[in-house]
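Visitor: Before I ask anything, here is the structure I am working with.
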Amino acid sequence: MNLKYIFVGCQKNVRSTEIVYVQAKANYSIVKMKDGREFLVATTLKRMAEKLEGCGFIRPHKSFLINTEYILKYESGILTLTNGLSCGCSRRKRQEMDLILSPSKRFVEKKALK
């Protein structure tokens, strides 16, 4: 997994490894950090996906980019993250997610972020 720094505004860069997920909001993106901070970025989710390519992010449907390091479990098309968020996979992406997140990868249960 590559480490990249992403500009989130206010002259602030964040490490890609500290981003839990990115959520689409019209032509903006909400970047949720592992310490609970959120940033509203004037960038589309598609552009964020391009910036975070090769950093271990997956796109289970059109509204989310999720860092695989923060996935607690995956079953029946539902991703559960370490911060408690549950996110479903679209029908079109479910087969791809099943391959990427197969049980052979063995997600080790991680402690939830406080």
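Visitor: Could you tell me whether any residue of the stretch 2-20 is crowded, with 18+ Cβ neighbours inside 10 Å, assigned to a strand (DSSP E or B), modelled with pLDDT under 85 and in contact with a strand residue (DSSP E or B) (Cβ under 8 Å, 6 or more places away or on another chain)?
Guide: Looking for residues that are crowded, with 18+ Cβ neighbours inside 10 Å, assigned to a strand (DSSP E or B), modelled with pLDDT under 85 and in contact with a strand residue (DSSP E or B) (Cβ under 8 Å, 6 or more places away or on another chain), one finds at least one in the stretch 2-20, hence yes.
Visitor: Quick one: would you say Asn27 is surrounded by 14 or more Cβ atoms within 10 Å (Cβ to Cβ), more than 11 Å from the chain's Cα centre (by Cα) and closer than 22 Å to Ile6 by Cβ?
Guide: When the stated conditions are applied, Asn27 does not pass them.
Visitor: Same structure, new question: Given the conditions (1) more than 12 Å from the chain's Cα centre (by Cα); (2) under 23 Å from Glu96 (Cα atoms); (3) of a type outside the set (Gly, Ala, Ser); (4) buried (at least 16 other Cβ atoms within 10 Å of the Cβ), and given that Ile71 satisfies all but one, which numbered condition is not satisfied?
Guide: Checking Ile71 against (1) more than 12 Å from the chain's Cα centre (by Cα); (2) under 23 Å from Glu96 (Cα atoms); (3) of a type outside the set (Gly, Ala, Ser); (4) buried (at least 16 other Cβ atoms within 10 Å of the Cβ), the one that fails is (1).
Visitor: Mind checking which residues of the stretch 38-62 are surrounded by 12 or more Cβ atoms within 10 Å (Cβ to Cβ) and assigned to a loop (DSSP other than H, G, I, E, B)?
Guide: Thr43, Thr44, Leu52, Cys55, Gly56
Visitor: Search the stretch 78-90 for residues being of a type outside the set (S, T, N, Q) and closer than 15 Å to Ser63 by Cβ, and hand back the single one that is surrounded by the most Cβ atoms within 10 Å (Cβ to Cβ).
Guide: Selected residue: Leu79.
The values are calculated or read from the model by the stated rules, or taken from the named source; none is laboratory data. The model shown is predicted, which means the values in this text are computed figures rather than measured ones. Because the Cβ atoms are built from the backbone with ideal geometry, glycine has one as well, and the counts that use them run over all protein chains shown.
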